Structures are given as C-alpha cells and as structure tokens.
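The structure appears below as structure tokens.
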Amino acid sequence: MTSLAPIGMHSPLDDAMPVGATYERSSRAPLGAPALDTRKRADVVVVGAGFTGLSSALHLAEGGASVVVLEATETGAGGSGRAFGQVVPYNKHGESAILERFGAERGQRLIDLIASGPDLVYGLIAEHGIECEAVRTGLLFGAHTAANTAWLERRARFWQARGQGVEMLDREAAEKLTGTRYYPHMLLDRRGGTVNPLGYCRGLAAAAVASGAVLHEHSRAASLRKRDGGWTVETAGGAVEAEQVVIATDAYSDGLWPGLAKSLVPLRAYHLVSMPIEERFRSMVLPGRQSLTDTRRLYSGIRVRPDGALHLSCDGPAFRNDARAFREKISRRVADLFPALPEVVWQEEMAGWVGMTYDQYPHLHSLAPGVWAAIGLNGRGIAAGTLLGVQVAGRVLGRPEADLAYPVTPLAPVRVRPFTRALVGSLMNAYRIADAIELRGSYLREGR
Ligand SMILES: Cc1cc2nc3c(=O)[nH]c(=O)nc-3n(C[C@H](O)[C@H](O)[C@H](O)COP(=O)(O)OP(=O)(O)OC[C@H]3O[C@@H](n4cnc5c(N)ncnc54)[C@H](O)[C@@H]3O)c2cc1C
C-alpha cells in the first residue's frame, strides 16, 4: 500500500492563488462534480482533472471503457486552468535533437505526433463545442540572437520540406504583422494558436462526462492498493476498484506513487493581464492577433485578449506559492516592443506550477501492471497533455504498439533531490543573466 505524503511546504496542491478571474469570465461554469462518497467499480480510474487526465478519460470512454476521474480540488485547478494559453506544435526540443535521441523512424513519428497537437486540440474544441476563446492565427517566435535566427531558419526549412505553413519573416514583414520592429527575424508557424485554458479544460471535462466518464472533484486519491485483478484507489470519502489506473498529476503530483513526485521539479510560472488598452492604440499591437514569444530562455509570451487587454507570460520567484511576478521586467518588455504605447496598467496576475523533468520530455511510465503515469509536461501541456492523454488511453485499451508513437519509459527520480531547488534556482539566475546580456547586445538593434 502507498500512502499520501506531503512534498514539503511548497506543495503545489496548497496553491494560494485562485484560478484567474480573466479566464473565469469567458469559461463555462465550473463542473460542480460531487465528491466520491461511496465504493465503486470501473475499468479505469484517472487521477487528476487537467488536460492530460481529462483527455485520457474522454478517449477511454469513447473507446468503451468505464472511467472514474478523481480530482483533488476542482477541474483545471492545477496547471491546466492557469496556463498562458499557447497551443504549440513543439515540445522543448528541436527536431534534430529528437531525431538524434530517438532515431530517424521513431523520432520522426514523435515529431509528427507532437506537431499534430494543435489539430487535436482545435478538433476537440469544434467537435464538442467548447467555449474557450479559441484563436488559430498562428504563433510567432522572435529571434533574439544571430544563433537563434539560424536555429529558427533550420526549423522553418524542416517544416517547409514537409509542406507545413511555417515561414521566416524579416524585420519589415514582421513589423507589418506585429507592429514591432524589435526583432530582425521571426518565425511564423500557422499551425498554432491560443485558447482560454480554463475554458478548454472545463470543456474537455464536460465532453468526457457526456461520453460516459464519471467525475468526482474534491476527491484526492489518498492511496493505491493492489488487489486481485486490479487496484483499489481510496479517497477520504470512498474508494474505486479498477483494473487500471492512470495518474495524470504533473507538477501537482503528491506521494500517491513512490518516487513519482520526485521524478520532476515543480517550478512556479506567472502571467499578467493589463487593463484593456485604449481603442486608438489597439491596431498598433499584434494586429494579426498572433501570440508572440522569443528565443530567450525565460518567459517572453505576449498576446492581445479579445477585449484589448495585453496578456504576458512572466518570470518570478520559482519555488514559492505566495510570491508575485517580476512586474517591472514585464512592463519594460512591453515598452521595448511597443515604445509608442502608453504605460500599461496591470489588472490581474495569474500563476501556477509547471512540472519540469530532467530531460525536458513529457513521460509516459508503466509504474506496475495496470498503473500508468503521464506527467512532466514541462510548461507545454495544452497540446502535449491532450496528446499524452490519447496515448495513455491507447495503452490502457491495449491498442497495438505500432499505433502509439509515445515511448514508455522507466520512472527515474531526480537523484539530486535535496539540492535540486538550489541547483535549479542557480540555473534560473544564470538564465536571467544570460538573457539580459544577450538582449543588451547589438543584434536586436542593427537596422532597427
Ligand atoms: C503559468 C503557466 C503558464 C503556462 N502556459 C502554457 C502555455 O501557454 N501553453 C502550454 O501548452 N502549456 C502551458 N503551461 C503548462 C500547462 O498548463 C501544463 O503543462 C498542463 O496544464 C499540465 O496538465 P496536466 O493535466 O498534465 O496536469 P495539471 O493540469 O497540473 O493537473 C493535475 C491535477 O492533478 C490533481 N491531483 C494531484 N494529486 C492528486 C491526487 N492525489 N488525487 C487527485 N487529484 C490529484 C491536481 O489537483 C491537478 O488538478 C503553463 C503552465 C503554467 C502554470
């Protein structure tokens, strides 16, 4: 038997900040699912109601399995309802790094799978009529150094050779599309877009329930016990007996399965929403309504909300539940990009935890016969978590290995755990310094 163990004073599950009001305003109502208060049987128990767990529940239910989803708090209250909103056709690694690690055939299948994420997300939104401010005008990536321009050019060539809508823009073309001359070069990837992640997550939950899955909120899976022919998952109020279990708890993983929480490092990520900018300035800022990030190491996302508010991803203290984002840094970023814009007034701050793995890949683990974990989205979970949910559902349903591109890996706890925070903290400081030095270099200014 395994039991619940707190993972320390910074446990992501004790989040001090509510899911954002900005997202609440344009999402369907909370599901209001009842807590589990009885004993039940199901084919599969899914632990965690974020993109990964809910996508697996939806696809399991559609595949004919009876499914119970247990959520410790509320649907989307983990990373899923707190994301910035970009639906990205990549993970953290470049295409050549994936091919090198997984080999030509498996690597290409994995790259294609990851790239299909936006089609999956926008397809589900259309199929289930999910209200989530879905926009698919593409994603922009600005290059902040010459080396990163070369890297983006390689990426563009890779996808162009495969007939995909990915192109490089020079400063003039980029300015026309975005209103900023800040970057000498940008990559435009027309496959991506943005959503209101809370709306998308609740919509996925509603779709899973409509397909037959049973959702219980405020029902933390406290223990997992092996029994003949399967597993018993216990909560404070009840229990579910099931043949298989899918754990989809990402950065919010607790002690439910030994070593699982230790296989990733939860990092705090932030974003800020401004008051709507004045009507007369709106056409100056990202008039094509793409979301823009750049190639620096830490947080650079900016997009415009439907009401004209600016929405920016933001750096801040990495390990505290009660901290605030570095607002001055983000105000400077707006001024650098759009110098003619009057100073923006911040309306709301949102934050949540991202689950970083040692190799920055999401992981699909077979923990024991019948127990799966799909975790480690590394801050890219809207498309990748939805995909991982499909992949784990396929494994549970016994689909042929050949149909499932996502590799199953052994659980590897981060070995340096006692020092991990110190190490990651130092690394983030080094990243901040490296970003600042590169941004002050001459590359961005030449020809501006
Ligand atoms: C500030 C921020 C910005 C981000 N921006 C983006 C972005 O722009 N694009 C993008 O693709 N991704 C982004 N991400 C990452 C993305 O949100 C996550 O990768 C994704 O939400 C992970 O989804 P998940 O379903 O795997 O886990 P989560 O959504 O974190 O869900 C895990 C759930 O498990 C529950 N849980 C934990 N333990 C138990 C238990 N014992 N019993 C029952 N339930 C339990 C938790 O309560 C939680 O609801 C961002 C994340 C943050 C925090």
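The table for this structure:
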| read-out | value |
| --- | --- |
| Accessible-area composition of the stretch 335-439, carbon plus sulfur, in percent [1.4 Å probe] | 62 percent |
| Extension gain from Glu401 to Phe158, taking 0.36 nm per residue of separation minus the Cα-Cα distance | 84.8 nm |
| Extension gain (nm, one decimal) between Ala430 and Arg327, 0.36 nm per residue minus Cα-Cα | 35.1 nm |
| Cα gyration tensor category, rounded, prolate or oblate, for the stretch 51-100 with a/c compared to 1.5 | oblate |
| Charged-residue dipole, Cβ positions (Lys, Arg, Asp, Glu), the chain about Cα centre, Debye nearest 20 | 860 debye |
| Relative frequency of Cα-Cα separations exceeding 27 Å in the stretch 180-323, percent | 47 percent |
| For the stretch 258-330, Kirkwood radius (reciprocal of mean inverse C-alpha pair distance, Å) | 14.2 Å |
| Kirkwood hydrodynamic radius over Cα pairs of the chain, then Stokes diffusion coefficient at 4 °C and 1.567 mPa s, in µm²/s | 58 µm²/s |
| Accessible area of the stretch 241-298 belonging to carbon and sulfur atoms, whole % at 1.4 Å probe | 51 percent |
| Sites Ala35 and Arg445 - FRET efficiency at Förster radius 60 Å, r taken between beta-carbons, to 0.05 | 0.55 |
| Folded to 0 to 90 degrees: helix 146-160 orientation relative to the chain principal axis, Cα | 60 degrees |
| Simple spin-label estimate for Arg101 and Arg25 in nanometres, 7 Å along Cα-Cβ | 3.9 nm |
| Mean shadow area of the stretch 62-126 over all directions, Cα convex hull, nm² | 6.7 nm² |
| Considering only the chain, percent of DSSP beta bridges that pair antiparallel, nearest 5 | 65 percent |
| Surface/4 estimate of mean projected area, convex hull on alpha-carbon atoms of the stretch 304-363, nm² | 6.0 nm² |
| Enclosed volume per residue, in Å³, of the convex hull spanned by Cα atoms of the stretch 20-131 | 141 Å³ |
| Rel. contact order, % - alpha carbon contacts under 8 angstrom, at least six apart, the chain | 25 percent |
| Sparsely packed GluC sites (Glu not before Pro) within the stretch 323-410, loop by DSSP, other Cβ within 10 Å at most 11 | Glu343 |
| Solvent exposure of the chain as accessible area per residue, Å², 1.4 Å probe | 40 Å² |
| Rounded FRET efficiency, nearest 0.05, which uses the C-beta distance separating Glu133 from Arg181 and R0 of 30 Å | 0.60 |
| Share of pairwise Cα separations in the stretch 77-198, more than 17 Å, in percent | 63 percent |
| Segments 105-117, 138-150 sorted - mean Cβ within 10 Å per residue, highest first | 138-150, 105-117 |
| Fraction of accessible area attributable to carbon and sulfur, the stretch 17-117 (%, probe 1.4 Å) | 52 percent |
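The values are calculated or read from the model by the stated rules, or taken from the named source; none is laboratory data. If you're wondering where the values come from, they're calculated on a predicted model, not measured in any experiment. Using ideal geometry, Cβ is built from the backbone for each residue, glycine included, and neighbour counts are taken over all protein chains shown. Just the protein is used for accessible areas: all its heavy atoms, side chains included, with ligands, DNA and RNA removed. Shrake-Rupley method; radii C 1.70, N 1.55, O 1.52, S 1.80 Å.
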